[in-house]
């Protein structure tokens, strides 16, 4: 199964409603997004620590309020066609994914370890207050503390441990955190590792695959989901 990375990052500005609409138009049933905290503790979709690459703003996102961030242009950097595209709050994004019946992998994006618990707590608050179906969500993080908090507070939502290379103690980590999935960089994945994870009963999802032939190889290994920036022409069987 294919998951649109940051929406569909080769077609529309990443982590925006325009990217979500692009993923929907190309038939994706899953999207992946990055979520982090603003200065005033709001949850905004954004990947980088700094604003410069994907907006006309400057400085660290964490040092700006939502009111300030909401005025920025988050689309012109990608293409004049998307000039005026705005950043989006997680709650508003999830409202739209519910309307489109698209499932969401929420990556908790941490640029400072001190934000681990504040971010996890705020995510719990927003999801508990919203109308989103928990079955439509998967929350992932590289940070063990955030996953442990979610395990305690929102056990009904599936969780995934994010890694670059699969560590030797991956099974102990997944069991301890009660995760349902393991996400890894496909460049470092071997076929025996894939079989081991899948045979242990976990979902194995790989990022970020933009080559159709590589995607099909991973599908043949049994990988459950592939994150991609592109509407791959040769799709693994859904």
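The values are calculated or read from the model by the stated rules, or taken from the named source; none is laboratory data. Just so you know, these numbers come straight off a predicted model, no measurement behind them. Note that we place each Cβ from the backbone using ideal geometry, even for glycine, and neighbour counts take in every protein chain shown.
Okay, here's what the table says:
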| read-out | value |
| --- | --- |
| Filtered residues of region 64-91 (kept if part of a helix (DSSP H, G or I) and exposed (fewer than 14 other Cβ atoms within 10 Å of the Cβ)) | 67, 80, 81 |
| Selected residue [in a helix (DSSP H, G or I) and either at pLDDT 95 or above or within 14 Å of the chain's Cα centre (by Cα) (or both)] from 44, 123 | 123 |
| Flag for residue 54 being crowded, with 20+ Cβ neighbours inside 10 Å, touching a strand residue (DSSP E or B) at 6+ places or on another chain (Cβ under 9 Å) and either outside any helix (DSSP H, G or I) or touching a residue at least 60 places away in the same chain (Cβ under 8 Å) (or both) | no |
| Number of the exception - residue 35 against (1) more than 22 Å from residue 162 (Cα to Cα); (2) in contact (Cβ under 8 Å) with a residue 60 or more places away in the chain; (3) within 21 Å of the chain's Cα centre (by Cα) | (1) |
| Verdict on residue 59 being surrounded by fewer than 20 Cβ atoms within 10 Å (Cβ to Cβ), under 28 Å from residue 125 (Cβ atoms) and either at pLDDT 95 or above or in contact with a strand residue (DSSP E or B) (Cβ under 9 Å, 6 or more places away or on another chain) (or both) | yes |
